[in-house]
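J.: Handing you a structure now.
Any read-out appearing in this document is the output of simple, stated calculations on the displayed coordinates, not a laboratory observation. What you see is a predicted model, and the numbers here were worked out from it, not measured in a lab. Using ideal geometry, Cβ is built from the backbone for each residue, glycine included, and neighbour counts are taken over all protein chains shown.
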Amino acid sequence: MAAETDIEAQGPATESILAPLKHGVFRRIWTASLGTNFGSLIQSVGAAWAMTELSSSAGDVALVQTASFTPTLLLSLIAGALADMYDRRVVGLVAVIISITGAVGLTTLAFLKLLNPATLLSFCFIVGTGSALFGPAWAASVREQVPPALLPQAISLNSISYNIARSFAPAIGGALVAAAGAAAAFVTNCVLYLPMLLVLATWRRKAEVPRLPPESLGRAMISGVRFVSHSPPIRTVIFRTLLLGMVGGAVSAMMPLVARDLIGGKALTYGLLLGAFGGGAVLGALTMSAFRARFVNERIVVVCMLMLGAGAIIVSQSRFLPLTATALLFNGAAWMVSVACYNIEIQLAAPRWVSGRTLAAFQAAVAGGIAAGGIVWGRVAQAHGVATALLCSGIAMLLLPLLGIWLKMPAAEGAVEDAPALADPEVALALTARSGPIVVELHYRVDPAEARLFYLASLDVQRTRERNGGYGWSISRDIADPTLWIERFHCPTWHDYLRQRSRATQAERDLQQKMREFHLGPEPVLIRRMLDRPLGSVRWREDTPDVMPNATSPLLTPGAPLISPGVRPPN
């Protein structure tokens, strides 16, 4: 049967936010994720309220949120690398199984009356570990489920899925806890994981057959870090997301204490407050397309930060449930729109080869900010009271827009276009996958009158080399021949070099072509590829060939695939 993920031949995309639901795979995964979100939020209500019964410490209550989000921070690099290296469907299945294991353990201890603060936090951590592994694989696979033109709408729908659950699940969770205790909430979560297991098990995902075996886990993690560190727009978005989570996460972390201490309510009140926050998030998601069509990202996130700050201040001073719920409604809308703007920018800016790792870095920024904020604001609340902690958070959020003076949000553009991989260069040495380092030199002839412009163009190319796998980049000018410039970089191994040649986007290729246009003369730019040979590295037996006559492939016979038989293909 034909794979259901072949979306390239689909008709032109509509701008309706519901358009991605016309695609069967996306619709089924989205629906299953809605149930999973309901389950996880119902469990979070049960866990938070159970902690208020097990401990009177505000810090312990805030740690429930920290335990759930810390795995995303700790495992983000690994989760992103796994999402890019292996079948994302399988990674998702394993992640869901881990979460179910934690949820079943939590349920069992609750029924046996063996829960204490330490065991509660431990099993919340296990459930969070599954979520941390699932997030990048799920988010990165959206590109395989809808056409590129529908990617922003699909991202928004995924956010809506979570926030629809956030609108109703907390109230359901509060009612369950009030009627049957926290164990009922934990059981519900276990059951609602099952649809996602079924959908992932039956998804006939069309995986591309790669030319090369996957990177090692360590190398893949390093590649992801280098891509983010050499991509200024992505780096800016991730840093601002981290600060948003740290400053704005106080309201979510303190929500059980707002219900209990400021409003004087019980579990149902807590559920209603979370529902108000989630309802606002849904409204924000539904109106976000209109905002993005009329305003630049910077203006949108500034308005959202001001709303978050004002909402936190109102919640800190209110003792009236309707007023608190209204403030949380606007808070939820502002939180949803700001995080979604960051998320969309990340997904549009990341090429496919590193999309899982880039999304993992983004999710780590969100989770890391919320986890750190939970610790900080929990201690402030413990020392000075819940109202003071929320008031300080609100004031800090009102000041956060000043960050845009130095770190302005990048302008939103279309999704990056991956350029075709370059043909493998001809070689005469008997190279293997681990041969290296591979040193590359490009010799340019440049008119001295254009030296400054050429140099500036080379700095743009430097980022493309470094974020795609090149090391030690440099640009040099011959002191005896001022027209001669040499660009130089190296890759750790031969396979790393071949991967580097296949990772460029079309925009990066355009920058490289712009640099080549400065080259003078009828001859093309001279390219030298050399195998670096440190002292003592050349060892061979007399019967071992050192060259490969008439070879076009460094590993196998001409025309054979570069991937070894039996190697599991990456994404």
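J.: In debye to the nearest 20, how big a dipole does the chain give about its Cα centre with +1 on each Lys and Arg Cβ and -1 on each Asp and Glu Cβ?
T.: Values: 46 positive and 36 negative charges, 200 e Å.
It comes to approximately 960 debye.
J.: Across segment 345-353, in residue order, what do the Karplus-derived ³J(HN,Hα) couplings come to in whole Hz, using 6.51 cos²θ - 1.76 cosθ + 1.60 with θ = phi - 60° and x for Gly and Pro?
T.: Here the 3J(HN,Hα) series is 4, 5, 5, 6, 8, 8, x, 4, 5 Hz.
J.: Would you be so kind as to identify which of L212, V251, L192 lies farthest towards the positive end of the dipole of segment 165-256, taking Lys and Arg as +1 and Asp and Glu as -1 on Cβ and the Cα centre as origin?
T.: Looking along the dipole axis, the top candidate is L212.
J.: Any chance you could give the angle, 0 to 90 degrees and rounded to 10, that helix 217-229 forms with the longest Cα principal axis of the chain?
T.: Once rounded, the angle reads 90 degrees.
J.: Okay, moving on. Note the angle between two axes, namely the Cα long axis of helix 297-317 and the longest principal axis of the Cα atoms of the chain, as a number of degrees from 0 to 90, rounded to the nearest 10.
T.: Orientation of helix 297-317: about 30 degrees from the principal axis.
J.: Right, something else. How do 147-156, 291-300 rank on mean C-beta neighbours within 10 Å, highest first?
T.: Details: 147-156: 20.7, 291-300: 15.0.
My ranking of the peptides, most packed first, is 147-156, 291-300.
J.: Could you pull out every one of the lysines with an alpha carbon less than 29 Å from that of K113, ignoring same-chain neighbours closer than 8 positions?
T.: Those lysines meeting the cut-off are K266.
J.: Let me ask something else. Does anyone have the angle between helix 355-384 and the longest principal axis of the chain? Alpha-carbon axes, 0 to 90°, nearest 10?
T.: Approximately 40 degrees, to the nearest 10.
J.: Among A360, A428, V380, flag the residue with its Cα farthest along the positive direction of the charge dipole of segment 339-468, charges on Cβ as +1 for Lys/Arg and -1 for Asp/Glu.
T.: V380
J.: Which whole-Hz ³J(HN,Hα) couplings does segment 263-269 yield from phi under the Karplus relation 6.51 cos²θ - 1.76 cosθ + 1.60, θ = phi - 60°, glycine and proline marked x?
T.: Rounded to whole hertz, the list is 8, x, x, 10, 4, 5, 4.
J.: Between their Cα atoms, which of K22/K206; K22/K408; K22/K514 are more than 30 Å away from each other?
T.: Numbers: K22/K206 19 Å; K22/K408 36 Å; K22/K514 41 Å.
Listed pairs above 30 Å: K22/K408; K22/K514.
J.: Apply the Karplus curve 6.51 cos²θ - 1.76 cosθ + 1.60, θ = phi - 60°, to the phi angles in segment 322-334 and return the couplings in whole Hz, x for Gly and Pro.
T.: Calculated HN-Hα couplings, in order: x, 5, 4, 4, 5, 4, 5, 4, 5, 4, x, 5, 5 Hz.
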